[in-house]
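Input: a single structure, listed below in structure tokens.
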Amino acid sequence: MNSSRKIIHIDMDAFFAAVEQRDFPQYRNKPLIVGGAPDSRGVVATCSYEARQYGIHSAMSSAHAYRLCPQAIFVKPRFEAYQEASTAIRKIFADYTDLFEPLSLDEAYLDVSNASLHQGSATLIAKAIKASIKQETQLIASAGVSYNKFLAKIASDINKPDGLYLITPEQGPDFAERLPVEKFHGVGRATSIKMHALGIKTGKDLKELPLETLQHYFGKAGLHYYSISRGIDNRPVNNCRIRKSVGVEITFQQDIKAKQDVIAQLQSLLEKALSKIAEKQLDAHTLTVKIKYHDFVQITRSRTLPHVITAASTLVDILEDLLKNTDIGRRNVRLLGITLSSLENKAGQTRSRQMDLFNDCQA
């Protein structure tokens with residue numbers, strides 16, 4: 001375990017909603033929901049803390065959110081405003097360290113192990129970053145400080161909003177033991193169900209199992225769970241992340257069913273995805289179709305091509321082939337999506353220029 005590292009996780013509090021409340025005073029101190037309209041099939045992108053008191057949360061359907069809080073204010077996302085705020089925040093990060101890794105517009109890891117500011121204290125640096133963000137953007141951030149990424153991220157969530165929490169190297173292993181497995185990095189819903197079936201409910205339960213047992217049940221991830229249950233996470237903070245895919249999707253106001261309508265929508269989505277990767281000077285070889293039926297059952301179908309994916313109009317046969325052995329034409333479709341992956345630059349080399357979720361890194 002490398003206990004000499006000093007990692008900060010910064011997580012903006014209710015970011016989209018906070019930007020809206022900052023820019024529009026009439027929204028302040030009121031239940032605000034950023035996302036789809038309540039009479040649409042939209043979802044909650046995020047919501048203010050006033051709305052969260054009613055049980056509303058991200059990814060909830062807007063219609064359900066309205067039922068929980070009819071007096072809530074619903075607004076459409078303004079991504080340009082959020083992008084602008086995120087850029088300002090990242091400039092603040094750069095004042096403290098060159099090693100910061102954006103995860104999305106509203107959160108990032110910072111490695112301040114070699115920082116000299118504030119006597120090299122990661123806690124004091126985190127406090128200063130929070131103050132700078134508030135002063136320069138009028139937005140509130142929470143911060144977690146620890147010796148690895150896993151525990152820093154956990155720490156940032158402990159005293160939200162406007163939190164600052166430290167987990168020391170001495171506290172880390174015991175802290176990890178007490179965590180429910182759902183809180184562990186890399187443990188999603190399906191894995192947590194499997195773990196519960198095996199009697200694994202906490203980090204302590206994980207820690208008691210031999211590495212061989214964890215590898216038997218969870219394959220390559222077994223070593224990760226073995227380490228993380230002991231508070232060990234050696235993942236470095238990268239200046240940026242390599243973009244692995246580009247995706248677009250659409251949720252229909254009314255279900256569609258006819259195969260020709262599905263094909264037309266997929267072609268339109270594919271053109272949008274191709275436009276996105278063209279802006280980044282990328283080519284793709286793998287095409288994935290995502291289908292969500294009216295009853296929320298979701299499937300995906302993928303095809304990796306020996307040549308670069310080009311105009312959508314040339315791929316009708318492939319799209320039709322991907323729809324074979326599905327229920328297209330027999331079941332109503334609620335959502336369609338297209339993802340392009342196996343990315344490479346226009347020169348034909350595997351993509352190595354690092355980007356975050358929305359734009360080229362500016363670190």
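Other residues with beta-carbon under 13 Å from the beta-carbon of LEU305 carry, at +1 per Lys or Arg and -1 per Asp or Glu, a net charge of -3. For segment 275-330, the list of trypsin sites (Lys or Arg not before Pro) that fall in a loop by DSSP and count at most 11 other C-beta atoms within 10 angstrom reads LYS324, ARG330. Extending 7 Å from the Cα toward the beta-carbon at both GLN171 and ASN325 defines two label points whose distance is 5.2 nm. Shape analysis of segment 7-113 places it in the prolate category; the axes a ≥ b ≥ c from the Cα gyration tensor give an a/c of at least 1.5, with a/b above b/c.
Summarising the amide proton neighbourhood of THR202: residues at separation of 5 or more, or on other chains, whose placed amide H is nearer than 5 Å comprise VAL181.
Counting 0.36 nm for each residue step from ILE250 to HIS294 and taking away their Cα separation leaves a gain of 14.5 nm. Under a model in which nothing but the beta-carbon of Lys, Arg (+1) and Asp, Glu (-1) is charged, segment 134-235 shows a dipole of about 260 debye around its Cα centre. Note on segment 224-341: with neighbouring protein chains present and a 1.4 Å probe, carbon and sulfur make up 46 percent of its accessible heavy-atom surface. Residues of the chain: accessible area per residue at 1.4 Å, in Å²? On a per-residue basis, 50 Å².
Of the solvent-accessible surface of segment 1-97, computed with a 1.4 Å probe over protein heavy atoms with every protein chain present, carbon and sulfur atoms account for 52 percent. Would you mind getting me the FRET efficiency between GLN26 and VAL316? Use the beta-carbon distance for r and R0 = 56 Å, nearest 0.05. According to the calculation, E is roughly 0.70.
Over all alpha-carbon pairs in the chain, figure out the percentage whose distance exceeds 37 Å. Looking at the chain, the distances longer than 37 Å represent 29 percent of pairs.
The values are calculated or read from the model by the stated rules, or taken from the named source; none is laboratory data. Quantities reported herein were computed from a predicted structural model and do not represent experimental measurements. For neighbour counting, all protein chains shown are included, and Cβ atoms are generated from backbone atoms with ideal geometry for every residue, glycine included. With ligands, DNA and RNA removed, areas are computed over all heavy atoms of the protein, side chains included. Shrake-Rupley method; radii C 1.70, N 1.55, O 1.52, S 1.80 Å.
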